[in-house]
Amino acid sequence: MDVLWFLEERTSFILRFYDEASKPFERIKQNIESGDAPYTPYYSEDGEPQYLEEWMDADTSVDVLGSLCISMLSESLKLYLNTWDKIIGTRCGLQLSAEFRKQGFIAGFKTCFGHYLRLDWDECPADFAILEQIVLARNDAQHASRIDEMRPTLSHKWREKHPRPIFMSDYERQIFSEDDSEVGWNDPCLIVSRENLETAIGQVNLLAEWLEPKLHDFKHRPR
């Protein structure tokens, strides 16, 4: 099985899916902002922005879509690592069950594959800070914490490991600074932009492309 090919097929699909699925919502926002039908301006004296609810629904829909895509990406990476774990018989999840449970599957596979494949992770070009945030984003996207917010919010786990998350709006990123202890965490929203989704996909592919020849070498190594 060409495991890398299947992974990259999945990551390519995720980005195409985001691009196509976001189009109707972005079109609604654009039509409202430009006053195009069916969102043509009408007479009103209340001073409120017109079609605000429709604009906000469309904007929230794009963010929910981003959360879905980052969840798909996290699961794709996990599938890639689990598939190779079965192929080469390392049984990482069983041997390091406590680490997998407490630290997550990325840390678990990093330890396990590092041992069996004799890897020097300093040579890996992938950014593990981003890879870890993909998994954190997936967890928060799947386990909502607030009934009053349709968008997923970032849990306090982020503050400990990644004080300046990449999956955050530009506005909230300006507010939350790791050097500003007076600003509370206050549950910022999980925002997966198209740009950050593409960056995350690139890091997943980069890790897999670096690992692939080493996994093949181990598979054919006499034991």
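A few points about this structure:
- Selected residue [closer than 21 Å to ALA141 by Cα and at pLDDT 95 or above] from ARG194, ARG164: ARG194
- Restricting the stretch 140-161 to residues that are open to solvent by 70 Å² or more (accessible area, probe 1.4 Å) and aliphatic (A, V, I, L, M), the residue that is modelled with the highest pLDDT: MET150
- Condition met for ALA137 (part of a helix (DSSP H, G or I), in contact with a Lys or Arg (Cβ under 9 Å, 6 or more places away or on another chain) and either in contact (Cβ under 8 Å) with a residue 24 or more places away in the chain or surrounded by 13 or more Cβ atoms within 10 Å (Cβ to Cβ) (or both)): no
- The criterion of being surrounded by fewer than 17 Cβ atoms within 10 Å (Cβ to Cβ), over 26 Å from ASN82 (Cβ atoms), of a type in the set (Ser, Thr, Tyr) and without any contact (Cβ under 8 Å) to a residue 24 or more places away in the chain holds for SER169.
- Subset of the stretch 74-92 (residues that are among the polar types (S, T, N, Q) and either open to solvent by less than 10 Å² (accessible area, probe 1.4 Å) or farther than 20 Å from LEU7 by Cβ (or both)): SER74, SER76, THR90
- Every condition in (1) open to solvent by 60 Å² or more (accessible area, probe 1.4 Å); (2) touching a residue at least 40 places away in the same chain (Cβ under 8 Å) holds for GLU9 except the one numbered (2).
- Number of positions in the stretch 184-217 that are in contact with a helix residue (DSSP H, G or I) (Cβ under 9 Å, 6 or more places away or on another chain) and closer than 19 Å to VAL62 by Cα: 13
- Within the stretch 17-40, the set of residues being under 20 Å from the mean Cα position of the chain (by Cα) and open to solvent by less than 40 Å² (accessible area, probe 1.4 Å) comprises TYR18, ALA21, SER22.
- Residues in the stretch 93-134 that are charged (D, E, K, R), surrounded by fewer than 17 Cβ atoms within 10 Å (Cβ to Cβ) and either within 30 Å of VAL62 (Cα to Cα) or over 22 Å from the mean Cα position of the chain (by Cα) (or both): ARG118, ASP120, ASP122, GLU123, ASP127.
- Among residues of the stretch 41-73, those that are crowded, with 20+ Cβ neighbours inside 10 Å, hydroxyl-bearing (Ser, Thr, Tyr) and in contact (Cβ under 8 Å) with a residue 40 or more places away in the chain, counted: 2
- In the stretch 14-39, the residues that are over 19 Å from SER74 (Cα atoms) and part of a helix (DSSP H, G or I) reach residues that are modelled with pLDDT of 95 or more and open to solvent by 70 Å² or more (accessible area, probe 1.4 Å) with C-beta atoms within less than 6 angstrom, at least six apart or across chains, in these pairs: LYS29/TRP55; ILE32/TRP55.
The values are calculated or read from the model by the stated rules, or taken from the named source; none is laboratory data. Everything quoted here is computed from the prediction, not taken from an experiment. FYI the Cβ positions are ideal-geometry reconstructions off the backbone, even for glycines, and counts take in every protein chain you see. When the accessible area is computed, the model is the full protein with side chains, heavy atoms only, and any ligands, DNA or RNA have been set aside. Shrake-Rupley method; radii C 1.70, N 1.55, O 1.52, S 1.80 Å.
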